[in-house]
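A short worksheet on the structure shown next.
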Amino acid sequence: MKVAFVDRDGTINKDYQDDDWRYINKPELLDGSLEALKVISQKGYQIIIITNQYLINDGIITLLQYREFTEKLLQELNNNGIDILDTFYCPHSRKENCNCFKPKTGLVDMALKKYPHIELDKSFIVGDSVSDVELGNKFGIMTFGINVNSRLFVYTRIESLLDIIKYL
Ligand SMILES: [Mg+2]
Ligand SMILES: [Zn+2]
(Lines give C-alpha, C1' and ligand atoms only; values in the text may rest on other atoms or scores of the structure.)
(Ligands and ions follow the chains in the order given, each with its own letter.)
Protein backbone atom coordinates (compact mmCIF):
# COMPACT_ATOMS: atom_id res chain seq x y z
CA MET A 1 0.00 0.00 0.00
CA LYS A 2 1.16 3.51 -0.74
CA VAL A 3 0.99 6.05 2.03
CA ALA A 4 0.86 9.80 2.35
CA PHE A 5 2.66 10.71 5.58
CA VAL A 6 1.11 14.05 6.42
CA ASP A 7 2.14 16.45 9.14
CA ARG A 8 -0.78 17.92 11.11
CA ASP A 9 -0.26 21.46 12.43
CA GLY A 10 0.51 23.99 9.74
CA THR A 11 -0.18 21.39 7.07
CA ILE A 12 -3.81 20.28 7.54
CA ASN A 13 -4.94 22.69 10.21
CA LYS A 14 -3.75 26.07 11.37
CA ASP A 15 -0.73 26.16 13.69
CA TYR A 16 -0.15 28.62 16.55
CA GLN A 17 2.60 29.91 18.78
CA ASP A 18 3.35 27.31 21.45
CA ASP A 19 1.72 29.20 24.32
CA ASP A 20 -1.43 29.90 22.35
CA TRP A 21 -2.10 26.17 22.02
CA ARG A 22 -3.32 26.19 25.65
CA TYR A 23 -6.53 27.79 24.50
CA ILE A 24 -7.10 26.00 21.21
CA ASN A 25 -9.76 23.33 21.44
CA LYS A 26 -10.81 22.76 17.89
CA PRO A 27 -9.06 22.62 14.54
CA GLU A 28 -9.30 25.35 11.97
CA LEU A 29 -8.64 23.72 8.63
CA LEU A 30 -6.27 25.50 6.27
CA ASP A 31 -7.61 26.61 2.90
CA GLY A 32 -7.62 23.76 0.44
CA SER A 33 -6.54 21.06 2.85
CA LEU A 34 -9.83 19.15 2.61
CA GLU A 35 -9.69 19.19 -1.16
CA ALA A 36 -6.06 18.15 -1.13
CA LEU A 37 -6.66 15.22 1.21
CA LYS A 38 -9.58 14.12 -0.95
CA VAL A 39 -7.42 14.04 -4.05
CA ILE A 40 -4.59 12.28 -2.22
CA SER A 41 -7.03 9.65 -1.10
CA GLN A 42 -8.63 9.34 -4.56
CA LYS A 43 -5.18 8.74 -6.01
CA GLY A 44 -5.01 5.64 -3.86
CA TYR A 45 -2.87 6.80 -0.95
CA GLN A 46 -3.66 5.79 2.60
CA ILE A 47 -3.20 8.84 4.81
CA ILE A 48 -1.16 8.62 8.00
CA ILE A 49 -0.73 11.70 10.18
CA ILE A 50 2.64 12.07 11.92
CA THR A 51 2.95 14.93 14.34
CA ASN A 52 5.35 16.29 16.95
CA GLN A 53 3.35 17.18 20.06
CA TYR A 54 6.11 18.24 22.45
CA LEU A 55 3.62 20.66 24.01
CA ILE A 56 2.24 17.65 25.89
CA ASN A 57 5.39 16.86 27.84
CA ASP A 58 6.31 20.53 27.99
CA GLY A 59 3.12 20.87 30.05
CA ILE A 60 1.48 23.39 27.73
CA ILE A 61 -1.36 21.09 26.68
CA THR A 62 -2.61 17.90 28.30
CA LEU A 63 -2.77 14.53 26.61
CA LEU A 64 -6.55 14.84 26.82
CA GLN A 65 -6.45 18.17 24.96
CA TYR A 66 -4.32 16.56 22.27
CA ARG A 67 -6.73 13.64 21.97
CA GLU A 68 -9.85 15.79 21.85
CA PHE A 69 -8.38 18.10 19.24
CA THR A 70 -7.30 15.15 17.13
CA GLU A 71 -10.69 13.49 17.51
CA LYS A 72 -12.42 16.65 16.28
CA LEU A 73 -10.05 16.88 13.35
CA LEU A 74 -10.59 13.24 12.35
CA GLN A 75 -14.34 13.69 12.72
CA GLU A 76 -14.36 16.76 10.50
CA LEU A 77 -12.27 15.01 7.88
CA ASN A 78 -14.52 11.98 8.09
CA ASN A 79 -17.61 14.17 7.64
CA ASN A 80 -16.01 15.28 4.41
CA GLY A 81 -15.39 11.76 3.19
CA ILE A 82 -11.72 11.59 4.17
CA ASP A 83 -10.53 8.61 6.15
CA ILE A 84 -7.24 8.81 7.99
CA LEU A 85 -5.68 5.37 8.36
CA ASP A 86 -3.80 6.23 11.54
CA THR A 87 -2.17 8.96 13.56
CA PHE A 88 1.23 8.72 15.23
CA TYR A 89 2.42 11.46 17.56
CA CYS A 90 5.51 12.24 19.59
CA PRO A 91 4.54 13.66 23.01
CA HIS A 92 8.13 14.15 24.14
CA SER A 93 9.96 17.35 24.94
CA ARG A 94 12.94 18.12 22.77
CA LYS A 95 15.25 17.52 25.70
CA GLU A 96 13.97 13.97 26.27
CA ASN A 97 15.96 12.80 23.28
CA CYS A 98 13.37 10.19 22.25
CA ASN A 99 13.59 8.51 18.88
CA CYS A 100 10.24 9.72 17.58
CA PHE A 101 10.64 13.51 17.56
CA LYS A 102 10.73 14.38 13.86
CA PRO A 103 13.18 14.42 12.07
CA LYS A 104 14.01 11.27 14.01
CA THR A 105 12.50 8.25 12.35
CA GLY A 106 10.41 6.77 15.18
CA LEU A 107 6.95 7.81 13.99
CA VAL A 108 7.49 6.38 10.53
CA ASP A 109 9.14 3.29 12.03
CA MET A 110 6.02 2.72 14.13
CA ALA A 111 3.85 3.00 11.05
CA LEU A 112 6.05 0.55 9.14
CA LYS A 113 5.88 -1.91 12.00
CA LYS A 114 2.12 -1.67 12.31
CA TYR A 115 1.52 -1.73 8.54
CA PRO A 116 4.17 -3.98 7.00
CA HIS A 117 2.57 -3.63 3.57
CA ILE A 118 3.57 0.00 3.22
CA GLU A 119 5.52 0.49 -0.01
CA LEU A 120 7.87 3.34 0.80
CA ASP A 121 9.01 3.73 -2.79
CA LYS A 122 5.44 4.69 -3.75
CA SER A 123 4.80 6.82 -0.69
CA PHE A 124 5.49 10.44 0.14
CA ILE A 125 5.78 12.82 3.06
CA VAL A 126 4.52 16.38 3.33
CA GLY A 127 4.89 18.97 6.04
CA ASP A 128 5.60 22.60 6.73
CA SER A 129 8.86 22.20 8.66
CA VAL A 130 12.44 21.44 7.83
CA SER A 131 12.09 18.45 10.16
CA ASP A 132 9.44 16.99 7.85
CA VAL A 133 11.61 17.24 4.75
CA GLU A 134 14.64 15.94 6.63
CA LEU A 135 12.61 12.94 7.76
CA GLY A 136 11.47 12.29 4.20
CA ASN A 137 15.06 12.39 3.01
CA LYS A 138 16.08 9.85 5.64
CA PHE A 139 13.72 7.35 4.05
CA GLY A 140 14.53 8.48 0.52
CA ILE A 141 10.87 9.02 -0.27
CA MET A 142 9.18 11.70 -2.31
CA THR A 143 9.16 14.79 -0.10
CA PHE A 144 7.15 18.00 -0.15
CA GLY A 145 7.84 21.04 2.01
CA ILE A 146 5.12 23.64 2.41
CA ASN A 147 6.90 26.98 2.28
CA VAL A 148 10.06 25.30 3.52
CA ASN A 149 13.34 26.91 2.53
CA SER A 150 16.36 24.69 2.93
CA ARG A 151 19.29 23.91 0.71
CA LEU A 152 20.28 20.93 2.82
CA PHE A 153 17.53 18.61 1.69
CA VAL A 154 15.94 17.31 -1.47
CA TYR A 155 12.26 18.12 -1.74
CA THR A 156 9.64 19.88 -3.77
CA ARG A 157 8.64 23.21 -2.32
CA ILE A 158 4.92 23.84 -2.45
CA GLU A 159 2.85 26.76 -1.22
CA SER A 160 0.04 24.84 0.42
CA LEU A 161 -1.16 21.26 0.76
CA LEU A 162 -3.45 21.77 -2.22
CA ASP A 163 -0.40 22.50 -4.36
CA ILE A 164 0.63 18.88 -4.00
CA ILE A 165 -2.04 17.57 -6.31
CA LYS A 166 -0.05 18.78 -9.33
CA TYR A 167 2.64 16.25 -8.49
CA LEU A 168 0.62 13.12 -7.72
MG1 LIG B 1 3.77 21.39 11.05
ZN1 LIG C 1 9.10 11.25 20.89
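The values are calculated or read from the model by the stated rules, or taken from the named source; none is laboratory data. A quick note: this is a predicted structure, and the numbers were derived from the prediction, not measured. With ligands, DNA and RNA removed, areas are computed over all heavy atoms of the protein, side chains included. Shrake-Rupley method; radii C 1.70, N 1.55, O 1.52, S 1.80 Å.
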Hey, can you find the accessible area per residue of the chain for me, probe 1.4 Å, expressed in square angstrom?
-> 51 Å²
When the Kirkwood radius is taken over all Cα pairs of segment 68-120, what Stokes-Einstein diffusion coefficient follows at 20 °C and 1.002 mPa s, in µm²/s?
-> 167 µm²/s
Separation of segment 11-77 and segment 137-161 by C-alpha centroid, Å?
-> 20 Å
Which percentage, to the nearest 5, of the DSSP beta bridges contained in segment 3-167 is antiparallel?
-> 5 percent
In whole Å, what are the Cα extents of the chain along the three principal axes, biggest one first?
-> 38, 36, 32
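Give me the extension gain from residue 119 to residue 24: residue separation times 0.36 nm, minus the current Cα-Cα distance, reported in nm with one decimal.
Roughly 30.6 nm would be gained on extension.
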